[in-house]
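Scroll down for the structure; my scribbles are underneath it.
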Amino acid sequence: MSTPAPRPDGAAPSGARGPLAERAQVPLTVPVPDGVAGLRWRALGEEDRRGLTALVDRIEEADNPPYRTSAEEVLEYFDTSHAWSAMGAWDADGVLRAFGFVRIPHGDVTLLRAFCSGGVDPGWRRHGAGSALMDWQVARARTMLVETGKEAPARIVVHVDDGMDTLEALLTARGFSPRRWYMEMRRDLSVPIPQVSLDGQLSIVPWSPDLDDAVRRAHNKAFGEEWGSQPHTIESWQQGRTHFAPSWSFVALDRSSDRARVAGYLISGRYAQDWPALGWSEGYTEMMGVLREWRGRHLATALLTEAMRAYAADGMQYAGLDVDTDNPTGAVPLYAHLGYERTRGSAMYTIEI
């Protein structure tokens with residue numbers, strides 16, 4: 001079992017009735033699966049990060065996904081913007097052979113999300129470790145959702161890349177079902193990049209630290225209106241920035257009033273560790289948004305093409321991004337019009353509570 005990093009997901013599940021403590025069906029105990037697969041199981045902590053990094057490396061070397069997780073990204077599993085709980089399993093020689101995380105963002109308000117991720121060493125698969133981890137994660141997620149003390153619809157989330165048939169079977173057997181689908185796309189930067197003219201007092205400027213919190217607030221507004229995702233707090237906005245690329249990130253400003261307003265933004269990442277697995281180098285668009293007031297004025301195209309030029313100037317072969325295939329803002333046709341092509345897909349599996 002292995003899953004990529006979580007993404008913002010869609011609107012809250014409808015029809016939630018009664019207190020979360022009743023709906024969540026919290027088990028009386030969350031037993032540690034000690035002895036399963038001949039392994040010693042215990043809570044996994046930040047002090048285990050070296051063994052965890054080595055295990056993630058072995059899993060990705062064997063499974064060969066089109067990405068690689070850096071040591072810095074492994075450390076982000078333990079960030080303080082989430083409530084988290086983790087389980088590990090060690091062999092007789094003290095080598096970590098399996099791990100599982102449950103992480104709930106502290107900033108979730110109208111929809112509580114318990115993200116589950118993990119993996120099993122290739123040499124220790126098909127002995128029950130993956131099933132034991134999944135059972136522990138589902139039980140722990142139910143408990144942690146109630147422990148938030150919040151009353152809201154909730155879901156347990158696992159992201160599944162194309163081709164992860166074993167993980168899909170584990171999830172389906174435990175009541176998960178696919179809810180949303182995503183596409184990874186790329187755009188060849190050797191193809192001419194179009195020029196975009198903006199009207200009025202609109203302009204695209206480089207990202208800068210003094211604009212960052214205004215971008216966070218714009219992101220919360222843009223995504224809150226359309227997708228029902230949960231707001232970023234100041235703390236959560238700063239997390240996960242190990243591979244943030246400031247020189248590839250841009251902000252759309254409207255200067256038609258006394259005070260410039262953020263109309264849109266594009267945040268990029270530089271994932272050099274992924275390029276050998278991908279087979280090409282790319283600048284990656286992590287997130288992009290245009291606020292409703294400024295939609296239909298070519299800001300998304302202007303942001304994307306500005307980023308493309310920055311990627312190309314640094315020698316990148318492609319521009320990359322991912323998109324929710326149910327995106328209601330017309331993003332998929334826009335990306336296709338700009339020359340982006342699908343490379344692979346993934347699905348979000350959930351248990352709705």
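Computed from the coordinates by the stated procedures, all read-outs in this text should not be read as laboratory data. Just so we're clear, the structure is a prediction, and the values are computed from it rather than from any experiment. Please note: Cβ atoms are built from the backbone with ideal geometry, for glycine as well, and neighbour counts cover all protein chains shown.
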* Asked: For residue 180, which sequence-distant residues (separation of 5 or more, or a different chain) have an amide H within less than 5 Å of its own amide H, given hydrogens modelled in the peptide plane?
  -> 348
* What Kirkwood radius, in Å to one decimal, follows from the Cα pairs of region 184-345? -> 16.2
* Run the quick spin-label model on residue 147 and residue 277: label points 7 Å from Cα toward the beta carbon, then report their separation in nm to one decimal. => 2.9
* Structure fact -> Length gained if residue 260 through residue 61 is fully extended, taking 0.36 nm per residue and subtracting the Cα-Cα distance, is 66.9 nm
* What's the extension gain from residue 199 to residue 238 if we count 0.36 nm per residue and subtract their Cα-Cα distance? -> 10.8 nm
* Label point 7 Å beyond Cα of residue 92 along Cβ direction - residues of region 111-135 with amide nitrogen under 17 Å -> 124
* Within the chain, helix-based [θ] at 222 nm, where runs of 4 or more DSSP H residues each add -39,500 (n - 2.57), nearest 500 -> -8000 deg cm²/dmol
* Pairs of Cα atoms under 8 Å, at least six residues apart: use those to get the relative contact order of the chain, whole percent. => 23
* Percent of C-alpha pairs per 5 Å bin, region 66-134, short to long -> 3, 14, 21, 22, 19, 12, 5, 2, 1, 0
* To do: Kindly provide the Kirkwood hydrodynamic radius of region 170-213 in Å, to one decimal, from all pairs of distinct alpha carbon atoms.
  => 16.5
* Give me the percent of Cα-Cα pairs in region 132-236 that sit more than 24 Å apart, rounded to a whole number. => 56
* Structure fact -> With label points set 7 Å from each Cα along the Cα-to-Cβ direction at residue 213 and residue 126, the distance between them in nm comes to 5.6
* Kirkwood-Stokes translational diffusion coefficient of the chain, alpha-carbon pairs, 4 °C, 1.567 mPa s, µm²/s -> 60
* **³J(HN,Hα), Karplus 6.51/-1.76/1.60, whole Hz, each residue of region 287-294, x for Gly, Pro** => 8, 8, x, 10, 5, 3, 4, 10
* To do: Report ³J(HN,Hα) in whole Hz for each residue of region 242-253, in order, from the Karplus equation J = 6.51 cos²θ - 1.76 cosθ + 1.60 where θ = phi - 60°; Gly and Pro get x.
  => 3, 10, 4, 10, x, 6, 9, 10, 9, 10, 8, 10
* Please tell me the relative contact order of region 20-175 in percent, rounded to the nearest whole number, where contacts are Cα pairs under 8 Å and at least six residues apart. => 26
* Asked: log₁₀ I(q)/I(0) of region 303-345 at q = 0.18, 0.22 Å⁻¹, via Debye over equal Cα point scatterers, no solvent, to two decimals?
  -> -0.57, -0.80
* Structure fact -> Of the convex hull drawn through the C-alpha atoms of region 276-342, the volume per residue in Å³ is 95
* Structure fact -> The long-range amide H neighbours of residue 263, using H built 1.01 Å from N in the peptide plane and a cut-off of under 5 Å, are 252, 253, 254
* To do: Please sort by residue number the trypsin sites (Lys or Arg not before Pro) in region 225-309 whose DSSP state is loop and whose Cβ has at most 11 other Cβ atoms within 10 Å.
  => 259
* Provide, for q = 0.20 Å⁻¹, the log10 of I(q)/I(0) from a solvent-free Debye sum over equal Cα point scatterers in region 20-175. => -1.41
* Structure fact -> Amide H contacts under 5 Å for residue 271, restricted to residues at least 5 apart in sequence or on another chain and with H modeled in the peptide plane, are 284
* Linear extension gain, residue 72 paired with residue 172, 0.36 nm per residue minus alpha-carbon span -> 32.8 nm
* Using θ = phi - 60° and the Karplus form 6.51 cos²θ - 1.76 cosθ + 1.60, what ³J(HN,Hα) does each residue of region 312-318 get, whole Hz, x for Gly and Pro? -> 4, 4, 9, x, 6, 7, 9
